[in-house]
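The structure appears right after this line, and notes come after that.
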Amino acid sequence: MVTMSSQRGKRSPLASVGLHATLIGASVIAVFPVLWVLLTSLKPAKYAITTDFFKDTTLDNYRYLVDKTSFFTWFGNSALIAGVTTLLGVFISATTGYAVSRFKFPGMRPLMWTLLITQMFPMAILIVPLYNLMGQLGLLNQPVGLIITYLTIAVPFCAWMMKGFFDGIPVEIDESGRVDGLNPFGTFWRLILPLAKPGLAVTAFYSFITAWGEVAYSSAFMVGDENLTLAGGLQTFVTQYTANWGPMTAASVLIAVPAAAFFLFAQKHLVAGMTAGATKG
């Protein structure tokens, strides 16, 4: 019986070859666009749309980006907006998720339905009403306007996820905090939050990516070279008649570095946090 079980669990050589070929193919498909952009950023303009990747390799595109454009201004605007969005997104999502997980209060169910329903609307549908609203509030061309907009995208999803995560933390921990004389916020801050690091990592990553890589709202709400974010700045390299592929791919590489660094920093918590929020919600 043991022999038969081991034979059933053993893959045939053909199946192993097929599996490895599939994994290699999927890896190539995933890496190819990134590698293409990186290699294009190192090519002279005359070879920009050719496959001559290692011919006359140069850093001129990066020099042009630094010396001839407002890249650092765009980078600073994006860093400010993404940083504030991440901090506020984590705080609002965590406190909201904890409140609906632990307390019963009037309007709790409508609140949760509201958070859920907001996820049903495509982003494109909301651009016009949000643009009009920000215009009436005088928040167009202001980082605050984009921060508020990105929070409306990130917080509903993250609050639901955090609720599922807090549901998996035993209520007895809250009760022990109250016995020790902690108020509800003290219990949340000192006892519950340290146990919620995986969920907080996912919330931070989602909030950061929402603000860092978003294009539609940043292009519609921010105009003027000094107000653009990185996503809006990339569009200045492409006009109706020309496309400056070299600097644009160089900017794309530099834009990807902070996102990759953030992912590497938080990756040890991401899988656990996403799994907990999905299965316990």
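The values are calculated or read from the model by the stated rules, or taken from the named source; none is laboratory data. Please read these numbers as outputs of a predicted model, since none were measured by experiment. Neighbour counts run over all protein chains shown; Cβ positions are idealised from the backbone, glycine included.
Among the residues of the range 119-138, those identified as touching a residue at least 24 places away in the same chain (Cβ under 8 Å) and either among the polar types (S, T, N, Q) or within 17 Å of residue 223 (Cβ to Cβ) (or both) are 119, 127, 130, 131, 134.
For the range 22-50, a tally of residues being assigned to a helix (DSSP H, G or I) and charged (D, E, K, R) returns 1. Note on the range 127-163: among residues that are surrounded by 18 or more Cβ atoms within 10 Å (Cβ to Cβ) and among the small types (Gly, Ala, Ser), the one that is farthest from the chain's Cα centre (by Cα) is 145. For the range 61-88, taking the residues that are hydrophobic (A, V, I, L, M, F, W, C) and surrounded by fewer than 17 Cβ atoms within 10 Å (Cβ to Cβ), the one that is farthest from residue 174 (Cα to Cα) is identified as 66.
The rows are residues; the columns are (1) touching a helix residue (DSSP H, G or I) at 6+ places or on another chain (Cβ under 9 Å); (2) closer than 23 Å to residue 40 by Cα; (3) free of Cβ contacts under 8 Å to residues at least 40 places away in the same chain.
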residue	(1), (2), (3)
178	yes, no, yes
182	yes, no, yes
185	yes, no, yes
195	yes, no, yes
209	yes, no, no
219	yes, no, yes
234	yes, yes, yes
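Note on the range 20-43: residues that are more than 26 Å from residue 243 (Cβ to Cβ) and either of a type in the set (S, T, N, Q) or modelled with pLDDT under 85 (or both) total 2. Quick test for you: out of 114, 58, pick the one residue that is at pLDDT below 90, more than 22 Å from residue 214 (Cα to Cα), surrounded by 11 or more Cβ atoms within 10 Å (Cβ to Cβ) and more than 23 Å from the chain's Cα centre (by Cα). Matching residue, one of 114, 58: 58.
Could you please find all residues in the range 229-251 being surrounded by fewer than 19 Cβ atoms within 10 Å (Cβ to Cβ) and either in a strand (DSSP E or B) or at pLDDT 90 or above (or both)? Listed by number, the residues that qualify are 238, 243. Out of all the residues in the range 199-212, is one or more over 22 Å from residue 266 (Cβ atoms) and not hydrophobic (A, V, I, L, M, F, W, C)? No, there is no match, as no residue in the range 199-212 is over 22 Å from residue 266 (Cβ atoms) and not hydrophobic (A, V, I, L, M, F, W, C).
Here residue 91 fulfils each of the conditions (1) surrounded by 20 or more Cβ atoms within 10 Å (Cβ to Cβ); (2) without any contact (Cβ under 8 Å) to a residue 60 or more places away in the chain; (3) within 24 Å of the chain's Cα centre (by Cα) apart from (1). Considering every residue within the range 63-78, establish whether at least one is in contact with a Gly (Cβ under 9 Å, 6 or more places away or on another chain) and closer than 19 Å to residue 206 by Cβ. Checking the range 63-78: at least one residue is in contact with a Gly (Cβ under 9 Å, 6 or more places away or on another chain) and closer than 19 Å to residue 206 by Cβ. With respect to the conditions (1) surrounded by fewer than 13 Cβ atoms within 10 Å (Cβ to Cβ); (2) within 22 Å of residue 219 (Cα to Cα); (3) not β-branched (Val, Ile, Thr), residue 109 falls short on a single one, namely (2). Checking each residue in the range 211-228 for being buried (at least 22 other Cβ atoms within 10 Å of the Cβ) and part of a helix (DSSP H, G or I) picks out 211, 212, 217, 218, 221. Of the numbered criteria (1) within 21 Å of residue 76 (Cβ to Cβ); (2) in contact with a Leu (Cβ under 7 Å, 6 or more places away or on another chain), the one residue 177 fails is (1). The residue pairs whose first member lies in the range 147-171 and is more than 15 Å from residue 201 (Cα to Cα), whose second member is assigned to a helix (DSSP H, G or I) and of a type in the set (Ser, Thr, Tyr), and whose beta carbons are closer than 6 Å, counting only pairs six or more residues apart or on different chains, are 147/85; 149/217; 150/85; 150/210; 153/210; 156/118; 167/101.
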